[in-house]
Amino acid sequence: MRQLKRPKYNPLDVFLLCVGEVVEDDARSNYLENHHQIANSVVEFDAATSGKNWFGLPRVGRGHPEVVIRGTLTKGALVDLYGKYLVGGEAAREIYDELLVSSDGRCPFCGGIGQVHTVDHYLPKSSFPVYSVLPDNLIPCCRDCNTGKMASFATTQKDQTLHPYLDAPSFFSERWVGAMVCRTDPIAVEFTCSPPDEWSDIDKMRAQAHFDQYNLANRYRIQAGAELARVIDLRKKSLRILTSEQFAAYLDENAESDAYDINGWNRTMYWALARAEWFQTADFSEPASYLEPALVA
Ligand SMILES: [Zn+2]
């Protein structure tokens, strides 16, 4: 979970840039005549950002592109702003491309697992079509996070996932993902959502919603499995000369590396390994020496 700089574009400029791509005169005039509707919708979005209650913004049902959403703008016309003119346009496309590279290729939602593949609508355009080209609503995202999340947006504040541009820095700078190293064969790492006690109940529940919606327990466990096998292999070979204290320091160094997200799978895994004393003293060529007694045949 990485915090990203809020896009610098003016929302109305982006809207007008997209409208500038519209070839048909009638359609273009219709967009232009409704520009104040778009301005109003941005004011409402900003108010929701202040209260972190985007879920309360007006939403529309599935399908029905002919439904009028604002002024004389239909749902279909608003959704087209994104697909046909922002993604499919020429001048407007440059904004899409800049958003895509704004996180250095790393997905901000899944703690460093995925590479950015697309732009995700924080508020889905099918339910919130008026925000289809609002820069604050467009976030670079990996394929798994984009396809794995539910198409509908939260209907309560506590179920809202984290917003990389707009949420409080504490979500991105404080540790709220925990992990436990399991004395199983093979050794496994289990991840949990464990926010600091002093966080508000809403923030704790939102962290949990993010953790669940992006399936992080499962995705982290899979990533950690491969890395853990590598660490154990190193410990049996080149790291064999380290004392358990030196090995613990090595693990701790990885846990503190700013190269990774503080709540990413890799830092969290090393954080847990650096706190598992049995792991630092284990003789990995003798599984019986560190497995849970019940697992030793
Ligand atoms: Zn992702």
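Taking every alpha-carbon pair in segment 11-162 and binning the separations at 5 Å intervals from zero gives 2, 10, 18, 22, 21, 17, 8, 3, 1, 0 percent. Here the mean projected area of the convex hull built on the C-alpha positions of segment 65-140 is 5.2 nm².
Counting every other Cβ atom within 10 Å of each residue's Cβ, His35, His64 order from fewest to most as His64, His35. Quote the FRET efficiency, to the nearest 0.05, computed for Asp13 versus Ala188 with a Förster distance R0 of 45 Å and r equal to the Cβ-Cβ distance. With R0 = 45 Å, the Cβ-Cβ based efficiency is 0.35. For the Cα trace of segment 35-77, dividing Rg by the Kirkwood Rh returns an Rg/Rh value of 1.02. Per residue, the convex hull spanned by the Cα atoms of segment 171-295 measures out at 114 cubic angstrom.
With a cut-off of 11 Å between beta carbons, the residues surrounding Glu245 carry a summed charge of -2, where Lys and Arg count +1 and Asp and Glu -1. Relative contact order for segment 171-295: 30 percent, from Cα pairs under 8 Å spaced at least 6 residues apart, divided by residue count. Exceeding 18 Å between C-alpha atoms, which entries from my cross-link table qualify? They are Lys52/Lys158; Lys75/Lys125; Lys158/Lys204; Lys52/Lys204; Lys5/Lys158. Over 18 Å apart, Cα to Cα: Lys5/Lys158.
Taking label positions 7 Å along the Cα-Cβ direction at both Glu94 and Ser170, the computed distance is 4.1 nm, reported to one decimal. With contacts taken as Cα pairs under 8 Å at a separation of at least 6 residues, the chain carries a relative contact order of 18 percent. For the chain, a Kirkwood hydrodynamic radius built from all Cα pairs, placed in the Stokes-Einstein relation at 37 °C and 0.692 mPa s, yields a translational diffusion coefficient of 154 µm²/s. Taking a sphere under 11 Å around the Cβ of Asp283 and counting the other residues whose Cβ falls inside, with K and R at +1 and D and E at -1, yields a net charge of +2.
Taking amide H atoms as placed 1.01 Å from N in the peptide plane, the amide H of Ala179 lies under 5 Å from those of Thr192, each 5 or more residues away in sequence or on another chain.
Report the net charge of residues surrounding Lys149, where surrounding means a beta-carbon distance below 11 angstrom and charges are Lys +1, Arg +1, Asp -1, Glu -1.
Values: positive: none; negative: Asp120, Asp144, Asp212.
Value of the local net charge: -3.
Give the residues of segment 211-236 whose amide nitrogen is closer than 19 Å to a point set 7 Å from the Cα of Thr155 in the direction of its Cβ. Residues passing the 19 Å test: 213.
Values in this text are rule-based calculations from the coordinates and carry no lab data. Note that the coordinates shown come from a computational prediction; the quantities given were computed from them, not determined experimentally. With ideal geometry, Cβ positions are generated from the backbone for all residues, glycine too; neighbour counts draw on all protein chains shown.
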